2 protein chains.
Amino acid sequence: MINNAQKVEAVPVKNVEIKSGLWGERQATNRDRTLPAIYHQMKTTGRLDAWKLDWKPGETKPHIFWDSDAGKWIEAVGFSLTTHPNPEFEKQVDEVVDLIEKAQHDDGYLNIFFTSVEPQNRWKNLRDWHELYDAGHLMEGAVAYYNATGKRKLLDVLSRYADHIDTLFGPREGQRRGYCGHPEVELALVKLYHATGEKRYLNLSKYFIDERGQQPHYFDMEASERGDDPRNFWAKSYHYCQAHTPVRQQTKATGHSVRAGYLYSGMADIAAETGDTELLSICRSIWDDLTQHQMYITGGLGPAHANEGFTFEYDLPNETAYAETCASISLVFWAQRMFLADPDSRYVDVMERALYNGVLSGVSFEGSRFFYANPLASYPYINPYERFSGIHTDHHYHRSEWFQCACCPPNLSRMVASVGGYMYGTSADTLYVNLYNPNRAKFEIGGSKVQVEQHTNYPWDNEIQLAFQLDQPTQFDLALRIPNWCRDFKLAVNGAPVSANLANGYAHIQRKWSSGDEVSLSLSMPVERVVSHPHIRQNAGNIALQRGPVVYCLEEVDNGSHLANVVLPRDSRMTPSLDASLFGGVGVISGDAVRVEPTNWSSGLYKPESAVEYGQSPLTFKAVPYNFWANREPGEMRVWLREG
Amino acid sequence: MINNAQKVEAVPVKNVEIKSGLWGERQATNRDRTLPAIYHQMKTTGRLDAWKLDWKPGETKPHIFWDSDAGKWIEAVGFSLTTHPNPEFEKQVDEVVDLIEKAQHDDGYLNIFFTSVEPQNRWKNLRDWHELYDAGHLMEGAVAYYNATGKRKLLDVLSRYADHIDTLFGPREGQRRGYCGHPEVELALVKLYHATGEKRYLNLSKYFIDERGQQPHYFDMEASERGDDPRNFWAKSYHYCQAHTPVRQQTKATGHSVRAGYLYSGMADIAAETGDTELLSICRSIWDDLTQHQMYITGGLGPAHANEGFTFEYDLPNETAYAETCASISLVFWAQRMFLADPDSRYVDVMERALYNGVLSGVSFEGSRFFYANPLASYPYINPYERFSGIHTDHHYHRSEWFQCACCPPNLSRMVASVGGYMYGTSADTLYVNLYNPNRAKFEIGGSKVQVEQHTNYPWDNEIQLAFQLDQPTQFDLALRIPNWCRDFKLAVNGAPVSANLANGYAHIQRKWSSGDEVSLSLSMPVERVVSHPHIRQNAGNIALQRGPVVYCLEEVDNGSHLANVVLPRDSRMTPSLDASLFGGVGVISGDAVRVEPTNWSSGLYKPESAVEYGQSPLTFKAVPYNFWANREPGEMRVWLREG
């Protein structure tokens, strides 16, 4: 399956200039609001000054995750600087990079908590204490910042740290056979390998992946060394961290979903980098399990708060969905890598589903508030953490400015800043177009320089134009992704309809391309009434509305309260339109529904049905994109709607 | 509202002999299986030997609740001995009573944990540490055991302890203005007052009730004295323990639902005992809030696991319902007291709902396994505590032999053993018949000795006969409860139809009764399709099946899996019958339904509705009493069923 001719390379962020459209607007908000908000929070919570390593007993302790927050923030800034230079952002990062450089030990070790708070516990608990996870995020930040600015300082610091890690961990005599409880360093080491050319980093990543879950179990051994009983692991099972068995024996998505997404991404990286078809096949099995049994329609992953992760197949509750923003982001990472190793649009279909729904919902429209969990239905009072107090306040689920465990905001920011890197792929003779959004992108194919300019108002509109500029006429295969939600499409080259060869979800046009060539793609994009697998009990009798890649929802602000009483007749009219007044212009769906409610209910909770008269009052509903919910007056929200 | 003429007295357990019927069978199981199982668990977990106070560092610590487990077990045995003497049970209790007597301090103090483990912490944390709660359960046990056997030893021990508590706590100079975070001692002190005639116990109970929630807040003060910041209370709000405001300012059911039920029971006791109409009116407000906004159809209370309690009105999720067995039991206690203070059948309707559904479901049919939480829908894998591990096993919710916090099993046992005490009430001139089950009961009314024998197969059958024996013909008012689920009834005296005066939910027959008089009551008892309040979002479009007081459910063992796809047509036939082969003979309901499932779904989670063909296959469903669910092959269960 993996051969060099077929192997696809991502087109890096710096080659894809996004100026407008949905992603252009989100990137502008990311630069103008999100990145400053994150920097403000990082500063005021002490996360950046903690690199001075001057914590003293009695003060608020740095958290063991803080290094990763810095890494993701630096990475987000790096991606943003790649296409939009900003001296102030660069100065902010440079100051922190100076602190980080000073914080590095002579042996290369680098960690806030285990330097300034508990130096005696360095590497004592890989299962829980996140040192390698922290290292990974700093590596990713260092690579992105180096790619954006050419500044090597942080990259060199992280290379020294990687060298140190490489010395400590491995199969050789005297080395520890450990790996991190929270995967992340695996994919980061591959990035570091690409940035530095140092193949040891690739090998170390592969080592971490293959050592995971082996017996005797490292987490057991290190627990015993600490004097802890391994059986007292707080999460009860190594399924939680995907270390219950060696990864090559895993076939299902399990445990904490962000850990899962990062691990599987690293596995796909190693499969692609080393031509490891066995590992790729493992990845495909897990992919199939996840996308066929355990994924929300929003691309959300992990229904359960308890383990922030997966439970069992078809267990996808809506109101109590965890569906962490970071988990959907990790799904984007993994999908991209699966596509690169195995160019098939089915991976990109999932990537698009996550990007336009479960990822984007993680940030407010104005850009400075964030969701950690992304439920698919919301009613007043249901946040199980806040309900604990039993206080009778009229509480609605809302986005927060920050979190104690602040993984999601900078993750969201780096995702939005780097979305251009997910739009295309190139192989020796093929240009894959995966995402549709206005942009100008540059490639090298067949020895020629190719430039493409996309024009579209996707996902609100179904027409896409691509205009080519080449330094010389060049033969290559243009592979346009036909999303799986699209049941009909039309294609024209220079105004003349063409019938394309459809393979692996792509419409292929093979020809000698010249400057001035124009391709137009028209994707049939009606409102779809979507039903779910009959074993998802929570959605029985319900439908969801989707148009293009966007999942819609009903909000109380548009439709009144008690949305459970709103029923969509099976033949009800559905009309999509662009609401120019909403969120800078987004697609909405209006249609006919009825409110089914008793007309003679005075009091009491339960009555014989025969004593109750039900009225049906007509309602013209308005559905808005799920990704923009909870940006107006607080209230109920539902993705899955009763049909009858 | 409360005047002596109207005041109703409960008819004690010892006057009501239950020999057969549903409650006769449950009591036999309670004696033969439940009480021995509880004793076995109490023994093997060290709960009884802990009274030796010989705990040593390094050993498993007694839990701060263990005293209460002993109290409830003794009470359960006491109630059982009242009508069914058993020398072995009595010997078991006597041995423990000897230990308890020896465990008492010279000053009267009595507590396992704060004697043998943390003596320095006696009375340091009334908010969390349950000492008065423990005392209350021991008092209840002592009273029941004394009433059953005439043995005073434990009663005297608890009286000395109550004297000690009465010295320590109160409004006088030098006394602490405290009360327990977990209400229970309030209602227990009223029982102790009745058993001993010592009015100080009644006054102390009233003091605890009226002191609750006053400012400056005792829980704040004691936290500060311990060196804790009161704002760091783990439960976040005193709503959790109904101490957020003085009880006379409370109008809604809040917080931990067992604490709530016990507190409100104590409040109703004090209202009735002292003629406190203000307090009774407060009780009524809270009662209305609870029964009109926050109660499951099963009489379950408290939807949330997080606080084991109430959240907000109409928030009644089925799958994740906590609905602790103890909470439904506490509702029975409270309902009985409300009835006694304000004789209206609306309280007894709720009591009956809880008894036949949310209480009985707490114990297995064979008698030695228990539910803590009583969900109204169950699917494989949903126990949120066990799902944490993410292990892919086919897990179904099931009853357990015991719990670390073992409040429910002995609570259930004492409830079943004492159910005779809830069947009747008497005032100066009225005999109230509240529950229907075969029994022989004795009363004194109007100076005469009256004996009644009930014959019925209620709740599976709708015919009830009452036969009277009197030492002399006596004029009194026979008040037969007409349950609120019953829309039509027939009444006859000595075979001649009579039309009774219906008031406050009772059919009253005033006449001079003589030996040999017979009354027959026929309660119309069709299968009812019940709908719930339109703001209970979880039940929208769903109905429940109820016949008489019994709520029914569908189980997988009878109806196959994926019960969410079973739809009951609005006009479907429903036939009740007695299934002699099931649980010794219980009512079941069969009827016509359809399974709505796709016929062309191969794989995938989400599809356009237009691409899916749905088939409707007819299904003759079988519904069984909810209270007996999870007693056969494990599988899905649903109370609320889709209608369409």
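If the condition is being touching a helix residue (DSSP H, G or I) at 6+ places or on another chain (Cβ under 6 Å) and open to solvent by 10 Å² or more (accessible area, probe 1.4 Å), then the range B:338-362 contributes B:LEU340, B:VAL350.
Among residues of the range B:607-644 being more than 9 Å from every other protein chain (Cβ to nearest Cβ) and of a type in the set (A, V, I, L, M), the one that is nearest to B:VAL594 (Cα to Cα) is B:LEU619. Has the range B:61-76 got any residue that is without any contact (Cβ under 8 Å) to a residue 24 or more places away in the chain, over 23 Å from the mean Cα position of the chain (by Cα) and farther than 22 Å from B:MET139 by Cα? Scanning the range B:61-76 turns up no residue that is without any contact (Cβ under 8 Å) to a residue 24 or more places away in the chain, over 23 Å from the mean Cα position of the chain (by Cα) and farther than 22 Å from B:MET139 by Cα. Quick check on this structure: which one of B:VAL157, B:VAL96, B:VAL77 is touching a Leu at 6+ places or on another chain (Cβ under 6 Å) and farther than 28 Å from B:ASP220 by Cβ? Result of the check over B:VAL157, B:VAL96, B:VAL77: B:VAL96. Whenever a residue of the range A:502-529 is over 21 Å from A:PRO473 (Cα atoms), its partners that are of a type in the set (D, E, K, R) and exposed (fewer than 14 other Cβ atoms within 10 Å of the Cβ), lying with C-beta atoms within less than 6 angstrom and at least six residues away or across chains, give the pairs A:SER524/A:ASP488. A residue that is in a loop (DSSP other than H, G, I, E, B) and within 13 Å of another protein chain (Cβ to nearest Cβ) occurs somewhere in the range B:285-294. Cβ separations smaller than 9 Å between residues 6+ apart or across chains give the following pairs from the range B:580-602 residues that are within 16 Å of B:TYR356 (Cβ to Cβ) and in contact (Cβ under 8 Å) with a residue 12 or more places away in the chain to residues that are in a loop (DSSP other than H, G, I, E, B) and acidic (Asp, Glu): B:GLY587/B:ASP461.
Among the residues of the range B:147-188, those that are more than 19 Å from B:VAL247 (Cβ to Cβ) and either open to solvent by less than 10 Å² (accessible area, probe 1.4 Å) or in contact (Cβ under 8 Å) with a residue 60 or more places away in the chain (or both) comprise B:ASN147, B:ALA148, B:THR149, B:LEU154, B:LEU155, B:VAL157, B:LEU158, B:TYR161, B:ALA162, B:ILE165.
Elements of the type strands (runs of 3 or more DSSP E) sitting completely within the range A:460-522 and holding at least 1 residues that are open to solvent by less than 20 Å² (accessible area, probe 1.4 Å) and not hydrophobic (A, V, I, L, M, F, W, C): these cover A:474-481, A:506-513.
For B:HIS508, indicate whether it is within 14 Å of chain A (Cβ to nearest Cβ) and under 33 Å from the mean Cα position of the chain (by Cα). No; evaluated as a whole, the condition is false for this residue. Across the range B:226-249, the number of residues qualifying as part of a loop (DSSP other than H, G, I, E, B), under 18 Å from B:GLU211 (Cβ atoms) and touching a helix residue (DSSP H, G or I) at 6+ places or on another chain (Cβ under 6 Å) comes to 2.
Check whether at least one residue in the range B:61-74 is in contact with a Gly (Cβ under 6 Å, 6 or more places away or on another chain) and closer than 21 Å to B:GLU184 by Cα, and report yes or no. Looking for residues that are in contact with a Gly (Cβ under 6 Å, 6 or more places away or on another chain) and closer than 21 Å to B:GLU184 by Cα, one finds at least one in the range B:61-74, hence yes.
Looking across the range B:303-337, the residues that are open to solvent by less than 10 Å² (accessible area, probe 1.4 Å), at the interface with chain A (Cβ under 10 Å from one of its Cβ atoms) and over 20 Å from B:TYR552 (Cα atoms) come down to B:ALA304, B:ASN307, B:GLY309, B:PHE310, B:THR311, B:ASP315. Checking B:ALA135, B:ALA195 one by one, the residue that is within 25 Å of the chain's Cα centre (by Cα) and in contact (Cβ under 8 Å) with a residue 60 or more places away in the chain is B:ALA135 and no other. For the range B:228-284, taking the residues that are aliphatic (A, V, I, L, M) and either closer than 21 Å to B:ASN307 by Cα or open to solvent by 40 Å² or more (accessible area, probe 1.4 Å) (or both), the one that is nearest to the chain's Cα centre (by Cα) is identified as B:VAL258. Reported count of residues in the range B:545-565, each being touching a Lys or Arg at 6+ places or on another chain (Cβ under 8 Å) and at the interface with chain A (Cβ under 9 Å from one of its Cβ atoms), is 4.
A:ASN111 passes all but one of (1) of a type outside the set (Val, Ile, Thr); (2) assigned to a helix (DSSP H, G or I); (3) surrounded by 16 or more Cβ atoms within 10 Å (Cβ to Cβ); which number fails? The failed condition is (2). A count restricted to the range A:523-542 and to residues that are touching a Phe, Trp or Tyr at 6+ places or on another chain (Cβ under 7 Å), within 14 Å of another protein chain (Cβ to nearest Cβ) and in a strand (DSSP E or B) stands at 4.
Going through (1) at pLDDT 95 or above; (2) more than 14 Å from every other protein chain (Cβ to nearest Cβ) one by one, B:ARG573 falls short only on (1). Among the residues of the range A:333-384, those identified as among the hydroxyl-bearing types (Ser, Thr, Tyr) and either within 13 Å of the chain's Cα centre (by Cα) or at negative phi (or both) are A:SER345, A:TYR347, A:TYR356, A:SER361, A:SER364, A:SER368, A:TYR372, A:SER378, A:TYR379. Of all residues in the range A:6-16, none satisfies being modelled with pLDDT of 95 or more, closer than 30 Å to A:ILE445 by Cα, surrounded by 16 or more Cβ atoms within 10 Å (Cβ to Cβ) and in contact with a Pro (Cβ under 6 Å, 6 or more places away or on another chain). Taking every residue in the range B:236-263 that is free of Cβ contacts under 8 Å to residues at least 60 places away in the same chain and pairing it with any residue that is open to solvent by 30 Å² or more (accessible area, probe 1.4 Å) and of a type in the set (Val, Ile, Thr), at least 6 positions away or on another chain, the pairs with Cβ-Cβ distances below 6 Å are B:SER237/A:ILE391; B:HIS239/A:ILE391. Would you say B:HIS63 is of a type outside the set (D, E, K, R), part of a loop (DSSP other than H, G, I, E, B) and surrounded by fewer than 23 Cβ atoms within 10 Å (Cβ to Cβ)? So B:HIS63 passes the test.
The values are calculated or read from the model by the stated rules, or taken from the named source; none is laboratory data. The shown structure was predicted, so the numbers you read here are calculated from the model rather than taken from an experiment. Quick reminder, even Gly has a Cβ in these numbers, built from the backbone with ideal geometry, and neighbours come from all protein chains shown. Calculation scope for accessible area: heavy atoms of the full protein, side chains included, ligands and nucleic acids excluded. Shrake-Rupley method; radii C 1.70, N 1.55, O 1.52, S 1.80 Å.
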